[in-house]
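Colleague: This is the structure, below, for whatever I ask next.
The values are calculated or read from the model by the stated rules, or taken from the named source; none is laboratory data. Only a predicted model underlies this, so the values are computations on that prediction, with no experimental measurement involved. Every residue, glycine as well, gets a Cβ built from its backbone with ideal geometry; the counts of neighbours run over all protein chains shown. Ligands, DNA and RNA are stripped out before the accessible areas are found, and what is left, the full protein with its side chains, is counted by its heavy atoms. Shrake-Rupley method; radii C 1.70, N 1.55, O 1.52, S 1.80 Å.
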Amino acid sequence: MKILRVVVIGSGTMGSGIAAQVANAGLHVDLLDITKDISTKACERIKNSRPPLLMEENNLNKIVPGSIEDDMEKLKDADWVVEAVVERIDIKKTIYSKIDSLRKPGALVSSNTSSIPLKILTQDMSDEMKKVFCITHFFNPVRYMRLLELVIGPQNDKEKIKELVNFGDKILGKTVVVCKDSPGFLGNRVGVYAMQVAMTEAFNLGLSVEEADAVFGRPLGIPKTGVFGLYDLIGIDLMADVLKSFIKELPSGDPFHEVGRELPIIKKLIKDGYTGRKGKGGFFRINKSSGKKILESLNYKDYTYKESKKIALELPDLMDVKKVLERNDVYSQYAWSIIKKTILYASNLVPDVTDNFNDIDDAMKCGFNWSKGPFEILNEIGIETFIYKLNKDDKIPSFIKQIIKQKKSLFKANQGSLQYFHPKDLYVSMQRSKGVISLSDIKKTTLPLYTNESASIWEIQAKSRFICVEFHTKANALDGLTNDCLLKAYDLCNDKYDGIVIANEGMQFSAGVNLNYFYEKAVNKKFNDIDIFLNNFQQSLYQLQHAKFPVVSCPSGLAIGGGYEVVSQTSFVAAHSNSVLGLVESLVGLIPAGGGCKEMLRRWSVHPDTNNDPELLSLKVFNLIGYATTSDSPIKAKSQKFLGNKDIMVMSRDRLIEEADNIIFTNKDNYNQLKSASFSLPGPTVMTAMLDILNELKEKKVIGKHGIEVGKKLGYMLSGGETNSSTKLTEKNLYDLEREIFIDLIKQKPTQERIRYTLDTGKPLFN
Ligand code: NAI
């Protein structure tokens, strides 16, 4: 049975998130709550959500609000009914009996519960319904969090569950981890434990909340919210409820009890209304009393707040566990204690909670956005070093003892494919869903064809034989070395491979060219170096765009500025459904100069809206780049021409490289090399219209004095400079003009001030 119609019961945070993602997948969904009024309001919330739960506004039409009193008949047509009401067993069970009396034979039913065991939920269920009932545990926000834990039991009909696994993976785009029925499943069991260790150890060592989050953050491959920021984000009261449920469910010997008890500080914060971002604040708060928004942090020793300062602990920018552990100070002590305890805890779950330790890694990567799971971290440290660093009283889990006794490692390569150690004393092949090509698996079994500090090239043999360029800098910012890698890939691919894929597994595809590089060069007046850098960047992208083989880019997360310029100059794009694309250079007082201006002109020049009118063309692109427009889904990106007609959207992050392989396979034998474009641009005649726009924006205080200057330069670029519409400009002419204007702008103080401000605060400067 194909899942085509879905009913979601409960339209709160999770129910509305699930409904939105089902609608994003193009399916009809009925969203029911106690009253239609509640579910209608939920639809409003979905519409206004930020970041948006919907990939395009029209998807809202696929969600039909209703009430469980008046619309239960809808259940008769549903192929999958998902319950996401409040965490109360009695309420959930009443709903299940209604579902059972109405559902069509074979329809799947699931609960989104985060803490009620499957065996309790199914206690009074009919045997027929037990076969098709399981827990589908999504994470919040549903569109953006990749993990879907599917909790099943022996009573389930395996074939029916397979249908749901497939649906979650291919249609909803989630990484599905099938779990046993045990408290907290896998993600929360390990993730919440790690958070509690991070919090209690910070208190034990007397670290400030900033210090703790700076260590238990990016240097360990963990999102920068660390532990205290994450507590505020989730809600301190919600976390307290989660802990209570773990304490109730877990056996008394479980180490969770050592760190999961409610602390006096948490009690006090909740009592005073400091429940995190949704309340008055928490470990951090925004103080607006001075008329400005000041970020403050809590001194948990005396319950006072002070202005939060960026602290420089000289920790690595990128995940580098070994480097953090090498430091002989309180921060390495803190990091080691969290890593050690988390690895020991996770290892103790094998084999009782899961036979496959890599499922825990996946759960942490997709449910908590860790760059590596605990076992991948253990693999990186090395089991021997890990054991050596333990204290005498640390109990080594039997799973780790088993590996040591067998003189085995966690992972091993077998004829190019990845295997992992199984508690039954054997190696089993890494089970990925059919078709999935995992770069992190490939990286564990092979050496790169080429690598430098910023990027690497991997050889992949799937349907086609191709090479994959992976960026691996902070936020995958581009620099001279990423460029060297693109050039190298072109040389390697020529004649030897079917094509190139540009993809990575970072949170961002690329947040643009490294602004630090530009800033340093600019303040030291090394403008020639900037020109050489840009020229190389343009040339390598030109080469890829006009190669005689297909080049596919796979954006996910941010692909903005230079990151988007890479994407825009590949022959095909397989874009993840949550990718953000666009040209944002104007925010830092610059213009795109890696071919971004040229590319947008090329794309819009063949669009009916610009009607072969060079002035309309220039103005259209002027508005798009001038406003630093970005699109937050591939669907919107197509309407803005950030993506072209043959580019595709991929729901699952795990399936990007697979789709890129399909594209190369289909195109490799009859690929038509892209010809160089020529451009008819209006020249100075359009500048008056552009100046009118800029003056109006200045009057409305949308832009300041420097905004006018940047706008003028951008206008000059997009009108083609000193040209007229009967002159044909080449791609090279436009590349040259981009560089000329970029250098002109970066020489100016206000642009340098904008760059400095953005580097320091992450925000744009109004000047
Ligand atoms: P919520 O409080 O935001 O929404 C619950 C919704 O259920 C409300 O709209 C309420 O009106 C509705 N409801 C209550 N009784 C009902 C009834 N008899 N019939 C129909 N609707 C009824 O709760 P939230 O956060 O969405 O949680 C829902 C479920 O998802 C819970 O089981 C929770 O444990 C689980 N969960 C929550 C996560 C989160 O981050 N909030 C994450 C993962 C799971």
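Colleague: Cα centroid distance between segment 450-469 and segment 634-675, in Å?
Modeller: Going from one Cα centre to the other spans 18 Å.
Colleague: At a 1.4 Å probe radius, carbon and sulfur cover how many percent of the accessible area of the chain?
Modeller: Carbon with sulfur: 51 percent of the solvent-accessible area.
Colleague: Can you give me the Cα centroid spacing of segment 691-726 and segment 244-275 in angstrom?
Modeller: 57
Colleague: Using a 1.4 angstrom probe and counting only protein chains, how large is the accessible area of Thr451 in Å², to 10?
Modeller: Spelled out: Thr451, probe radius 1.4 Å, area about 80 Å².
Colleague: Please report, in debye to the nearest 20, how large the charge dipole of the chain is about its Cα centre when each Lys and Arg carries +1 at its beta carbon and each Asp and Glu carries -1 there.
Modeller: The dipole magnitude comes to about 540 debye.
Colleague: Roughly how many nanometres apart are two label points built 7 Å out from the Cα toward the Cβ at Lys763 and Leu4?
Modeller: Simple spin-label model gives 5.1 nm for this pair.
Colleague: Suppose R0 equals 56 Å. What FRET efficiency, 1/(1 + (r/R0)^6) with r the Cβ-Cβ distance, do Asn287 and Asn535 give to the nearest 0.05?
Modeller: Values: r = 47 Å, r/R0 = 0.85.
The computed FRET efficiency comes out at 0.75.
Colleague: If you don't mind, there's one more thing I want to ask. Based on DSSP, what percent of beta bridges with both residues in the chain are antiparallel, to the nearest 5?
Modeller: 45
Colleague: Still on this structure: Within straight cross-link reach of Lys244, meaning Cα distance under 19 Å, which lysines are found once same-chain residues fewer than 8 apart are removed?
Modeller: Within the straight-line cut-off, Lys244 pairs with Lys267, Lys268, Lys271.
Colleague: If you rank Glu470, Glu659, Glu73 by how much accessible surface each has, with a 1.4 Å probe, what is the order from largest down?
Modeller: Sorted descending by solvent-accessible area, the residues read Glu73, Glu659, Glu470.
Colleague: Grab every C-alpha pair in the chain, bin the distances at 10 angstrom width from 0 up to the longest one, and report whole percents.
Modeller: 2, 13, 21, 25, 21, 13, 4, 1, 0
Colleague: If I stretch the segment between Ile294 and Gln431 completely, what's the gain in nm (0.36 nm per residue apart, minus their alpha carbon distance), one decimal? Mind showing how you got there, number by number?
Modeller: Values: separation 137, 0.36 × 137 = 49.32 nm, distance 4.83 nm.
Going from the current span to full extension adds 44.5 nm.
Colleague: Note the full-extension length gain between Phe527 and Glu57 as 0.36 nm times their separation in residues minus their Cα-Cα distance, in nm to one decimal. Write out the running numbers ahead of the final one.
Modeller: Details: separation 470, 0.36 × 470 = 169.20 nm, distance 4.43 nm.
In short, 164.8 nm is gained.
Colleague: Out of all Cα-Cα pairs in segment 1-159, roughly what percent, to the nearest whole number, are more than 18 Å apart?
Modeller: 55
Colleague: A further question follows. At Thr445 and Gln406, where each label point lies 7 Å from the Cα along Cα→Cβ, what is the point-to-point distance in nanometres?
Modeller: For the pair Thr445/Gln406, the computed spacing is 1.8 nm.
Colleague: Test of understanding: extend the Cα→C-beta vector of Asn612 to 7 Å, then name every residue of segment 702-740 with backbone N under 14 Å from that spot.
Modeller: Answer for segment 702-740: 726.
Colleague: How much accessible surface does Glu699 have with a 1.4 Å probe, in Å² rounded to 10?
Modeller: Accessible area, nearest 10 Å²: 150 Å².
Colleague: Counting each pair of different Cα atoms once, what's the Kirkwood radius of segment 183-390 in Å, rounded to one decimal?
Modeller: 17.6
Colleague: Let me ask another. Could you check what % of the DSSP bridge pairs in segment 104-243 are antiparallel, to the nearest 5?
Modeller: 35
Colleague: Of Pro219, Gly187, Thr275, which is farthest towards the positive pole of segment 182-287's charge dipole, taken about the Cα centre with +1 and -1 on the beta-carbons of Lys, Arg and Asp, Glu respectively?
Modeller: It is Thr275, whose Cα lies furthest towards the positive end.
Colleague: Still on this model: Sort Asp237, Asp393 by accessible area with a 1.4 Å probe, largest first.
Modeller: On the way: Asp237 45, Asp393 130 Å².
I get Asp393, Asp237, largest accessible area first.
Colleague: To one decimal place, what Kirkwood hydrodynamic radius in Å is obtained for segment 652-767 from all pairs of distinct Cα atoms?
Modeller: Its Kirkwood hydrodynamic radius stands at 17.6 Å.
Colleague: Okay, moving on. Just tell me which lysines come within less than 17 Å, Cα to Cα, of Lys525; anything on the same chain fewer than 8 places away is out.
Modeller: Result set, ordered by chain and number: Lys747, Lys749.
Colleague: What is the distance in Å between the Cα centroid of segment 341-392 and that of segment 177-212?
Modeller: When both Cα centres are located, 13 Å separates them.
Colleague: Here's another thing I want to ask about it. Kindly list the residues of segment 364-406 that lie in the label zone of Ser49, defined by a backbone N under 20 Å from the point 7 Å along the Cα-to-C-beta vector.
Modeller: Zone members listed by number: 366-369.
Colleague: Which of Val436, Leu53, Ile377 sits closest to the plus end of the dipole of the chain, meaning its Cα is farthest towards the positive end, when Lys and Arg get +1 and Asp and Glu get -1 on the C-beta?
Modeller: Of Val436, Leu53, Ile377, it is Ile377.
Colleague: Put Asp181, Asp124, Asp441 in order of accessible area, largest first, 1.4 Å probe: what do you get?
Modeller: Per-residue accessible area, sorted high to low, gives Asp124, Asp181, Asp441.
Colleague: Related question: Separation between the Ser101 and Asn494 pseudo-spin-labels, each 7 Å from Cα along Cα→Cβ, expressed in nm?
Modeller: A separation of 7.5 nm, rounded to one decimal place.
Colleague: OK, next. Report the FRET efficiency, 1/(1 + (r/R0)^6), for Thr666 and Tyr627, where r is their Cβ-Cβ distance and R0 is 45 Å, rounded to 0.05.
Modeller: 0.80
Colleague: Between Arg465 and Asp484, 0.36 nm times their residue separation minus their Cα-Cα distance comes to what?
Modeller: Fully extending the segment from Arg465 to Asp484 adds 4.7 nm.
Colleague: Taking a probe of 1.4 Å, how large is the accessible area per residue of segment 668-767, in Å²?
Modeller: Per residue, segment 668-767 has an accessible area of 54 Å².
Colleague: Report the FRET efficiency, 1/(1 + (r/R0)^6), for Glu520 and Lys705, where r is their Cβ-Cβ distance and R0 is 30 Å, rounded to 0.05.
Modeller: Efficiency at R0 = 30 Å is approximately 0.75.
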